[in-house]
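So the structure is just underneath, and the comments pick up after that.
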Amino acid sequence: MNYLAHGRLFLDQPYFLAGTAVPDWLNVVDRKCRARSKKALPLCDSSDPIEAQIAAGVVQHHADDDWFHRTEEFNRLQWDFTKRIRDFLGKDSGLRPSFLGHILVELLLDSVLIENDPDELNAYYAALNEVDGGLVQQTVERIAERPADRLDWFIGRFVEVRFLEDYPSDEKLLYRLNQVMQRVKLPALPDAFGALLPELRRDVRASSAALLTAHST
């Protein structure tokens, strides 16, 4: 799952919402800094309500990932996308097909949610704009038991840049994908890769209800 799929049910709880984004934010800011459920759980009972909400959001993120990545529909799409991406990029494409097959299901699911309800994305960013990034960083450092340098800064940039808005555009999504590829030290995707995105979008849209089953009950 990606940001909006994780957080869309918690737009009225800004600090819980921020907690659902923390593991993904850390993947950008510092991949060695991990906010794990085991360490977050004790803080869910904190006397500080903000700290408790952030920690509970972190736990929610990992619970979501656990069920989502075990669903039949996610695994079917991930494997199908991996094969199609490998065919498109060629046999010498390294690790990119399996990595892309995974993240594209998640990013394109957020794209479907954004296209279905643009106001929900606006509400998502509005809620995060109420959050004090310094308080989130402090809580994350307690959970991770190490510094989470620049997390406060990145939360502000995340709200300012609003890159989730780029997902419905094939051209802009390709740009965002190549930012991810650079971050994980994989080769950039060619411009021609954009031609594959429309059919992958259609498949995720067709499967979106099944992918979100646990959030629809």
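The values are calculated or read from the model by the stated rules, or taken from the named source; none is laboratory data. Just so it is clear, the model here is predicted, and its values are computed rather than measured. Backbone-built Cβ (ideal geometry, glycine too); neighbour counts: all protein chains shown. Quick note on the areas: whole protein, heavy atoms, side chains included, nothing else; ligands and nucleic acids left out. Shrake-Rupley method; radii C 1.70, N 1.55, O 1.52, S 1.80 Å.
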**Asked** Is one or more of the residues making up the range 98-116 part of a loop (DSSP other than H, G, I, E, B) and either over 21 Å from Val59 (Cα atoms) or hydrophobic (A, V, I, L, M, F, W, C) (or both)?
**Response** no
**Prompt:** Is at least one residue of the range 64-71 charged (D, E, K, R), part of a helix (DSSP H, G or I) and over 25 Å from Arg201 (Cα atoms)?
**Reply:** no
**Asked** Residue check: is Asp170 in contact with a Pro (Cβ under 8 Å, 6 or more places away or on another chain) and open to solvent by 40 Å² or more (accessible area, probe 1.4 Å)?
**Response** yes
**Message:** Looking only at the range 44-58, filter to residues that are among the aliphatic types (A, V, I, L, M) and surrounded by 20 or more Cβ atoms within 10 Å (Cβ to Cβ); which one of those is nearest to Pro14 (Cα to Cα)?
**Reply:** Ile54
**Request:** Could you tell me which residue of the range 201-215 is modelled with the highest pLDDT, considering only residues that are closer than 8 Å to Leu109 by Cβ and among the hydrophobic types (A, V, I, L, M, F, W, C)?
**Result:** Val204
**Checking Asn2 against (1) under 13 Å from Ala56 (Cβ atoms); (2) surrounded by fewer than 21 Cβ atoms within 10 Å (Cβ to Cβ), the condition it does not meet** = (1)
**Message:** Just to be sure before I move on: is Glu130 at pLDDT 95 or above, exposed (fewer than 12 other Cβ atoms within 10 Å of the Cβ), in contact with a Pro (Cβ under 7 Å, 6 or more places away or on another chain) and more than 30 Å from Gly94 (Cα to Cα) in the structure I sent?
**Reply:** yes
**Asked** Taking the range 82-97 only, how many residues are without any contact (Cβ under 8 Å) to a residue 24 or more places away in the chain and part of a helix (DSSP H, G or I)?
**Response** 5
**Message:** Between Ala18, Ala40, which is surrounded by 16 or more Cβ atoms within 10 Å (Cβ to Cβ), assigned to a helix (DSSP H, G or I) and more than 15 Å from the chain's Cα centre (by Cα)?
**Reply:** Ala40
**Message:** With the requirement that a residue be in a helix (DSSP H, G or I) and of a type outside the set (Ser, Thr, Tyr), what does the range 117-133 give you?
**Reply:** Pro118, Asp119, Glu120, Leu121, Asn122, Ala123, Ala126, Ala127, Leu128, Gly133
**Item:** Subset of the range 28-37 [part of a helix (DSSP H, G or I) and closer than 16 Å to Ile155 by Cα]
**Value:** Val28, Val29
**Prompt:** Counting just the residues of the range 176-209 that are of a type in the set (Gly, Ala, Ser) and in contact with a Phe, Trp or Tyr (Cβ under 9 Å, 6 or more places away or on another chain), which one comes out least open to solvent (accessible area, probe 1.4 Å)?
**Reply:** Ser207
